[in-house]
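Step one of this worksheet: look at the structure below.
The values are calculated or read from the model by the stated rules, or taken from the named source; none is laboratory data. The structure displayed is predicted, hence computed values, not measured ones. Note that each Cβ is placed from the backbone with ideal geometry, even for glycine, and that neighbours are counted across all protein chains shown. The accessibility values were calculated without ligands, DNA or RNA, using every heavy atom of the protein model including side chains. Shrake-Rupley method; radii C 1.70, N 1.55, O 1.52, S 1.80 Å.
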Amino acid sequence: MASSSPTAASSGILQRGDRFLLVLRRNPPSADMYAFPGGRAEAGETPDQTALREFEEETGIRASNPRLFSTYDLKTHAVDGSVASHFLLSVFRVEADIDAVAIAADDAADLGWYTLEEIRRLPTPQSVLECAERVAVDKE
């Protein structure tokens, strides 16, 4: 199996009270799953710039103050064992105006504000659940 060079991607965690903003992904690799708003880097972007741009594209909310929270080396495999996708994901905590209203856009089919308990029952990538659990523990 040939090694693959990862594609840079970033996402943003926005929390209000005990709820996290998640989008329902329309496109692979996490189609039909809930995740933090994010996506692939564009040429010349830093990971934090990618997180802020993608967050606004998918939710209409202009986030700010990105702080690196976690990184993931994410691979999916095809049936034959070859690498189907490979992302180096940088996850940031972000802030936004408390009055900003989220609207699903770009490749977000839907979005919502979910508690950790609700996230545990949603179809999410493992990285999303891990981050939500870590944030919830940090608040206690």
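A count restricted to region 81-130 and to residues that are surrounded by fewer than 19 Cβ atoms within 10 Å (Cβ to Cβ), assigned to a loop (DSSP other than H, G, I, E, B) and of a type in the set (Val, Ile, Thr) stands at 3. Scanning region 9-68 for residues that are under 18 Å from Gly112 (Cβ atoms), more than 12 Å from the chain's Cα centre (by Cα) and assigned to a strand (DSSP E or B) yields Gln15, Arg16, Arg19.
For region 10-40, the set of residues classified as under 19 Å from Arg134 (Cβ atoms) and β-branched (Val, Ile, Thr) consists of Ile13 only. The residue pairs whose first member lies in region 41-52 and is within 15 Å of Thr7 (Cβ to Cβ), whose second member is of a type in the set (Ser, Thr, Tyr) and outside any helix (DSSP H, G or I), and whose beta carbons are closer than 6 Å, counting only pairs six or more residues apart or on different chains, are Pro47/Ser10; Pro47/Ser90; Thr50/Ser10; Ala51/Ser10.
Counting just the residues of region 41-80 that are among the acidic types (Asp, Glu) and closer than 24 Å to Ala132 by Cα, which one comes out most open to solvent (accessible area, probe 1.4 Å)? Can you show your working first?
Applying the first criterion (among the acidic types (Asp, Glu)) to region 41-80 yields 42, 45, 48, 54, 56-58, 73, 80.
Add one more test, that the residue is closer than 24 Å to Ala132 by Cα, and what stays is 48, 54, 56-58, 73.
On the way: Asp48: 60, Glu54: 17, Glu56: 69, Glu57: 69, Glu58: 1, Asp73: 102 Å².
By that ranking, first place goes to Asp73.
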